[in-house]
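Structure first, then comments.
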Amino acid sequence: MHSAAISGALVFGAGDAQGGDGLMLGGCRLVTNPALVDMGQVFTHLHRAKGQELLVAVFGRICHWPDLSDADLRGANQAQLVAQAYGEGLGFLPALAGDFAIVIWDNIAQRLLLISDHLGTRPLFYLDQGNAVYFASAIADLLPHCVDRDCLYTPKVLDFLHGANTSDPRREIIDEIRSLHMGEYVEFHAGQGAKVTPYWHPNDAPVQRGKSDAELISELQDLLRLSVQQRVPHDIQLALHISGGLDSSAVAAIAGPYAKQQGLKRPIGVSWLPDADTPDQRGPDHAYCALAAQTYDVDLSWAGIKACDQEAFFALDPCVGNSTSTLLLEIGAQRALKDDAPRLVLSGWGGDEVISNPGRSKWRGRVPGWMRSLRHAPRALFSRRSERGNNSFLTPSYLAQFRAQEQAMPGLRDGTARRRQILRLTLGGIQERMRSWSSYFADQRVQFAYPLLDQRLVSFVLGLPPHLFTSETGLRRNVIRLATSGILVDKLRLRNDKEEPARFDDSARAGREIAPEFLARLDAGAFDPARAAFLDMDRLRQGLKDQVAGQKTQFGKISNALALILQSRP
């Protein structure tokens, strides 16, 4: 079980807490993970402002503060900066940028504030029990305070098993626990319930007017460079995700040369692809990863999925560990780096989903939606929806409930590019990956930053005119290709064939290797019967048998189902 980077508790009406770890004031205690003490400016900051009667904690790093230089911001105790700004209210929040969560306890006003950054890149969970509030960056730290940790919130369980996001993004699988969503803060006063207030929403992004296309792309390039460079750490090791795709390559193309220019340690990079024994076994994705690393001065390691990675992943209870399908890959990635030094990983996550999605080709953008939908008609006619839905291994009744949730959601294929981008941001799926990584790796002194989800960059992109999302050449993701002209070598910038078959083959191999063990555990009855009630166990067993036989299966959904039921919880 992994400890939170930051946690705390507030008991309204209590006096100053005595003894124990952390900072204490008027019934509130703030604690940081001992593994992260003195680990540089990307982890945690604490401050007690005696004159203001404040406790402040910042988990993560604010990389832009108006009127402060980058150097001054890096050298500051950012919790102290927040305490000073709070004296004038919370109006400072919209102008910040970075990857952070903030906790403020105002002892004079008896007010507790939990604050998310604009895109929700850092996890912060809470448990409201009226006279007491418990909060942490990892759910495990809240479990001792739950009244009934086995009471699950069904819509969230169905989302997890189906790999979807159709329920409230502020709810967690354990019914009592809530989480902060993007661009909002939660406020607690004695005798009152939690009050959620948004301070930023992607709908607020202004439409860009009065500028030429060339001016817009130039401004976008400047924002892209700034967002990456401001996140490069100067006090710990920089690491980079390298996938060979547009987003990770763009981040590497800016971060690698910048680190060299600043005299920093050479970045280390990691690919989710498995290493290949000979050049003949390496596909195009290996070549693109190697090209990005070599061109932008990054030491590259290959990961893949090992048995030890699967053991670590399946030891997690998804109700507690926020396990997502990519967490297994990232466990392998961090193991492959073979270094226990603290590090900040810059990820290209969010680019595909936000910056230029949905990038349309010239002709696809001009074909009416009803005509495009005709290509799906044969599948809809000759396949039964219930059978397709059973890829999640839900029982028929829970499948019907999930379908009802799904039908109530707005369509991601409908409306303008801006509307679809905003939906992807707000449904919660983007945040789930970031929260799972941050929670899991805090003990290992590893954190992540997401320059392509910088609120300044996202706001600007959302305001771009629609025609910039349409490619005249037939290539998808037009905006990021335009923005990286002169940054990325054309072989990477114009790539249009990223499919990563080696990674999917590696996942299939891993599934085949571990399936017999799981089959034996199911046959022995070594699973949680209450949780198994969500699943059609015969179909799940057949899915595992298909894996053993080497057939194509829903590996991710099988993994989710097994992770849910094969837990032996203390």
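Computed on the chain, with alpha-carbon pairs under 8 angstrom and 6+ residues apart, the relative contact order is 16 percent. Across every direction, the projection of the convex hull enclosing the Cα atoms of the chain has a mean area of 26.8 nm².
State the dimensionless ratio Rg/Rh of the range 157-276 (Rg: radius of gyration of Cα atoms; Rh: Kirkwood radius). Walk me through the numbers before you get to the answer.
On the way: Rg = 20.6 Å, Rh = 19.1 Å.
Using only Cα positions, Rg/Rh for the range 157-276 is 1.08.
Helices in the chain that qualify as membrane-span-like (whole DSSP H runs, Cα extent of at least 15 Å along the helix axis, mean Kyte-Doolittle hydropathy of 1.0 or higher) are 555-565. In this structure, Asp497 and Gln261 have a Cβ-Cβ separation that, at R0 = 30 Å, corresponds to a calculated FRET efficiency of about 0.40.
Between Glu472 and Ala315, the modelled label-to-label distance comes to 5.7 nm, taking each label 7 Å out from Cα in the direction of the beta carbon. Whenever you get a sec, compute what percent of the accessible area on the range 432-498 sits on carbon and sulfur atoms (1.4 Å probe). C and S fraction of accessible area: 50 percent. One quarter of the surface of the convex hull around the alpha-carbon atoms of the range 122-218 equals 9.4 nm², the direction-averaged projected area.
Can you order the peptides 546-557, 177-188 by their average number of other Cβ atoms within 10 Å per residue, highest first?
Descending packing order for the listed peptides: 177-188, 546-557.
Counting only Cα atoms, the size of the range 385-531 along its three principal axes is 59, 38, 33 Å, in decreasing order. In the distance distribution for the range 58-210, Cα-Cα pairs more than 20 Å apart total 55 percent.
Averaging the Cα positions of each part gives two centres, and for the range 449-522 and the range 187-263 these lie 16 Å apart.
When you count the other C-beta atoms within 10 angstrom of each residue and take the mean per peptide, 264-271, 72-79 line up highest first as 264-271, 72-79.
For each pair in Lys498/Lys557; Lys260/Lys491; Lys195/Lys557; Lys211/Lys260, compute the distance between the two Cα atoms and list the pairs where it is over 29 Å. From Lys498/Lys557; Lys260/Lys491; Lys195/Lys557; Lys211/Lys260, over 29 Å: Lys195/Lys557; Lys211/Lys260. Counting only Cα atoms, the range 185-240 measures 55, 40, 14 Å along its principal axes, largest extent leading.
Over the residues of the chain, the helix contribution to mean residue ellipticity at 222 nm works out to -10500 deg cm²/dmol, using -39500 (n - 2.57) for each DSSP H run of at least 4.
Rounded to the nearest 0.05, what FRET efficiency is calculated for Arg170 and Phe504 with R0 set to 35 Å and r the Cβ-Cβ distance?
Rounded to the nearest 0.05, the efficiency is 0.60.
Report the antiparallel proportion of the DSSP beta bridges in the range 154-288 as a percent, rounded to a multiple of 5.
Of those bridges, close to 60 percent are antiparallel.
In the range 101-159, one over the average inverse separation of all distinct C-alpha pairs is 13.4 Å, which is the Kirkwood hydrodynamic radius. Inverting the pair-averaged 1/r between distinct Cα atoms of the range 51-93 gives 11.1 Å as its Kirkwood hydrodynamic radius. Solvent exposure of the range 429-570 amounts to 40 Å² per residue of accessible area, where only protein heavy atoms count and the probe is 1.4 Å.
For the range 471-523, taking Cα atoms only, Rg and Dmax work out to 19.6, 58 Å respectively. For Lys338, the lysines whose Cα comes closer than 21 Å to its Cα, not counting residues fewer than 8 places off in the same chain, are Lys265, Lys306. Normalised by the number of residues in the range 472-570, the average gap of Cα pairs under 8 Å and 6 or more apart makes the relative contact order 29 percent.
Relative intensity of the range 448-570 on a log10 scale, I(q)/I(0) at q = 0.15, 0.20, 0.22 Å⁻¹, equals -0.80, -1.04, -1.22, per a Debye sum over C-alpha point scatterers of equal strength in the absence of solvent.
The values are calculated or read from the model by the stated rules, or taken from the named source; none is laboratory data. Please read these numbers as outputs of a predicted model, since none were measured by experiment. Glycine also receives a Cβ, built like all others from the backbone with ideal geometry; neighbour counts cover every protein chain displayed. All accessible areas refer to the heavy atoms of the entire protein, side chains included, with ligands and DNA or RNA removed. Shrake-Rupley method; radii C 1.70, N 1.55, O 1.52, S 1.80 Å.
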